[in-house]
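Have a look at the structure below, then the notes.
The values are calculated or read from the model by the stated rules, or taken from the named source; none is laboratory data. From a predicted model like this one, the values you see are computed outputs, not experimental measurements. Cβ: placed from backbone, ideal geometry, glycine included. Neighbour counts: every protein chain shown.
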Amino acid sequence: MASITCCIWWFVLGILLGWLLAWWLNKLFTKSEAENESPVDKPSLREIYFRDTLPPEAISSDEEPDSAASALSRDEMLKAAGAAGFSFSGKHNDLEIIEGIGPKIAELLNNNGIHTFAQLSNTTVNTINAILEKGGERFQLANPGTWPEQALLAAENRWQELKDLQDRLDGGIDRA
């Protein structure tokens, strides 16, 4: 009986040391919330659509980014989104809100460094297509043509405009 008790203590000690090591490594290698979000200039809708075709001097930013919307807290954003008819899965930047993005595509985007609406809105359609191609054949059916525009509306807390846009979309494609 004494030999079993001796082994149990070593087992418990091993579990505690493993947990402590995992906690320490997680703290060491993960960035804090403040380090993850870098200040990014939000592009206008015109810049999103024409950034691949027009020279930089042809794109003028006449619109001021909605700084009040970007400064909203998580609760205020969820409240405004709920009023427009959106429900979140609990994540602040749930990419599945975007028409045409499902759980697997959201996971693929997250694995490629796109975690927030702002990051998705600053990503070109060509870059998103390249990510989808890397993901395999089943992801190549998706059409990300309107994803940056939808993400920009969500990032700027313009939920009613996003809802109106999504009512015109079918699988992320504008049928109007």
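What to note about this one:
Per-residue answers, yes or no, for (1) without any contact (Cβ under 8 Å) to a residue 12 or more places away in the chain; (2) in a helix (DSSP H, G or I); (3) touching a helix residue (DSSP H, G or I) at 6+ places or on another chain (Cβ under 7 Å):
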position: ILE114; (1), (2), (3): no, no, yes
position: ILE128; (1), (2), (3): no, yes, yes
position: LYS134; (1), (2), (3): no, yes, no
position: GLY145; (1), (2), (3): no, no, yes
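- Counted residues, segment 75-117 - those being acidic (Asp, Glu) and at pLDDT 90 or above: 1
- Among the residues examined, LEU165 does not qualify as at pLDDT 80 or above, touching a helix residue (DSSP H, G or I) at 6+ places or on another chain (Cβ under 9 Å) and within 30 Å of THR30 (Cα to Cα).
- Test: LEU152 is over 21 Å from PRO103 (Cβ atoms), assigned by TED's automatic domain parsing to the domain that holds GLU107, under 13 Å from the mean Cα position of the chain (by Cα) and buried (at least 20 other Cβ atoms within 10 Å of the Cβ): yes
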